[in-house]
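Throughout, read-outs are computed from the coordinates displayed, never taken from laboratory work. Predicted model only: the values in this text are computed from it and were never measured. Reconstructed Cβ throughout: ideal geometry from the backbone, glycine too, with neighbour counts over all protein chains shown.
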Amino acid sequence: MKGRTPVMTRIRSRMKSRLLVIVCGVLMLWAGQAAAASDTVKIGLVLQLTGPFADSGRQMTNAIKAYMAQHGDTVAGKKIELIFKDVTGPVPAVAKRLCQELVVQDKVDFIAGFGLTPDALACAPVATEAKTPLIDMLAATSIITTKSPYIVRTSLTLPQVSAPMAQWAYDNGYRKAYTLVADYGPGHDAEKAFQKAFKAKGGEIVGEVRVPLKNLEFAPYMQRIKDSTPQGLFVFLPTGQMGMAFMRSFEERGLKEAGVTLLATGDLLDDGAMDSMGDATLGVISTYHYSAAHESPENAAYLEAYRKIDPNTRPNGHAIGAYDGMSAIYTVIRELNGKIDGDKAMEILKGLKIASPRGPIYIDPETRDIVQNVYVREAKKVGDKVYNIEFATIENVKDPGKEL
């Protein structure tokens, strides 16, 4: 039978109607997703949330939450969405994969975090290719910001706090020093910066040692140092178990009684670990960019906000980089009215000034590295707790590591 029957015509009409409903539904879903995406700014955070460096990840997460508790989770009408990725440790291949997932799958507007240098370096080419701003909130090797034009640092570099330690030591009568550092990028930077600055003043380096990352046995090194009879021992070790193991060995082996003064970056005297190390730290001189004992209205407000997130832990130098990193991101979102463009974001970040809880900071527009005060501190009792008490300030310190 030729032609369409009334029944066939009705069936085809119903099929067309159903197809139209399905298509409209899909289009509405896509439109809803697009609208939702346009109302959100996504921040991808690559952190050590488990493993031996999990304390750093916890400190940084607490600080990020504290900042958002103070300043809200909406900026320029955009909801802030945090996407956490656990890199577990110094695992560059994993870090790169996580950054690629954040850019390609999650379509983040910012990549941030990075507790360790190898992870930050692995993600540099991802940031460059995607033109996505990468906020280095902790990793402290000087070279990091040179690896992509889309990297900005809000933490510190090890040369930035190591060279002032050498200068202070010489100016206060130390002429012979020994250096002990962890054997990876930040340790090498710290060693070079201290030795160069100390020698430039006229000091003598009587010995040096690089210890494997994660090493917890320091007794053999202590005896070697003791036999070299230095006046001062300069130490950089990453915050956590290594630092606590070193402090026990330094005390047990009697270096202080032998006349060796411990001179360190603030990583060794981490605020978050001071309660655990106790009186063993008393009298230790350190240089760092932050102390929980820093006196300023900004720090008082920060400490209060942090305590509400974690009442049992002091925020440390790792946390402050994450806190100020969020401040930088919020500023970019406001300045761009929520319409994030990588190149425009970088122009705002270059030269950015922040009234930080640590003191005034700004981003050097040429290097995209942080410029900040470095404080000389002594570990002292405040009530029944030991704090790093600042007693001297070196203002507006740039990263000297770019020259090394």
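Structure data summary
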read-out: Estimated translational D of segment 284-364 in µm²/s (Stokes, Kirkwood radius over Cα pairs; 20 °C; 1.002 mPa s); value: 153 µm²/s
read-out: Low-density loop positions, GluC sites (Glu not before Pro), segment 221-260 - DSSP coil, at most 13 other Cβ in 10 Å; value: E257
read-out: The chain, relative contact order in percent, only Cα pairs under 8 angstrom and at least six apart counted; value: 17 percent
read-out: 222 nm mean residue ellipticity, helices alone, for the chain (DSSP H n ≥ 4; -39,500 (n - 2.57); rounded to 500); value: -14000 deg cm²/dmol
read-out: Ordering of 144-156, 273-285, 167-179 by packing [mean C-beta count within 10 Å, highest first]; value: 144-156, 167-179, 273-285
read-out: Values of log10 I(q)/I(0), in the order q = 0.14, 0.20, 0.26, 0.29 Å⁻¹, for segment 59-114 under a Debye, Cα-only, solvent-free model; value: -0.46, -0.85, -1.13, -1.22
read-out: Semi-axis lengths (Å, descending) of the ellipsoid that matches the C-alpha gyration tensor of segment 72-179; value: 34, 16, 12
read-out: For L262, residues with placed amide H under 5 Å, excluding near neighbours; value: L233, I285
read-out: Backbone HN-Hα couplings from phi across segment 373-389 [Karplus 6.51/-1.76/1.60, Hz, Gly and Pro as x]; value: 6, 10, 10, 8, 10, 10, 6, 9, 6, 10, x, 9, 10, 9, 10, 8, 9
read-out: Mean-position separation - Cα centroids, segment 180-207 and segment 368-404, in angstrom; value: 17 Å
read-out: Cα-projected label distance for D86 with D279, points at 7 Å along beta-carbon direction, nm; value: 3.9 nm
read-out: Cα-based radius of gyration of segment 174-305 once divided by 2.2 N^0.38 Å, which approximates compact folds; value: 1.08
read-out: Helical segments meeting 30 Å axial Cα length and Kyte-Doolittle -1.0 threshold in the chain (DSSP H); value: 6-38
read-out: Intensity falloff of segment 264-313 expressed as log10 I(q)/I(0), Debye formula with alpha-carbon point scatterers, at q = 0.17, 0.32 Å⁻¹; value: -0.59, -1.20
read-out: At most 11 other Cβ within 10 Å, DSSP loop - GluC sites (Glu not before Pro), segment 317-397; value: E366
read-out: Using θ = phi - 60° and Karplus 6.51 cos²θ - 1.76 cosθ + 1.60, couplings along segment 202-207 (whole Hz; Gly, Pro as x); value: x, x, 10, 8, 8, x
read-out: Which listed pairs, of K65/K131; K147/K199; K350/K380; K214/K353; K308/K402, have C-alpha distances above 28 Å, in listed order; value: K147/K199; K350/K380; K214/K353; K308/K402
read-out: Distance (nanometres) between label positions extended 7 Å along Cα→Cβ at D384 and Q223; value: 3.9 nm
read-out: Amide H contacts under 5 Å for V75, placed H, 5+ residues apart; value: I80
read-out: Antiparallel DSSP beta bridges within the chain, percent to nearest 5; value: 40 percent
read-out: Taking all pairs of distinct alpha-carbon atoms in segment 137-182, Kirkwood radius in angstrom; value: 12.6 Å
read-out: Other-chain or far-sequence residues with amide H under 5 Å of T40's (modelled H); value: K79
read-out: Loop-located trypsin sites (Lys or Arg not before Pro) in segment 211-320 whose Cβ has at most 16 other Cβ within 10 Å (DSSP); value: K214, K256
read-out: Reference-scaled alpha-carbon Rg (2.2 N^0.38 Å with N residues) for the chain; value: 1.20
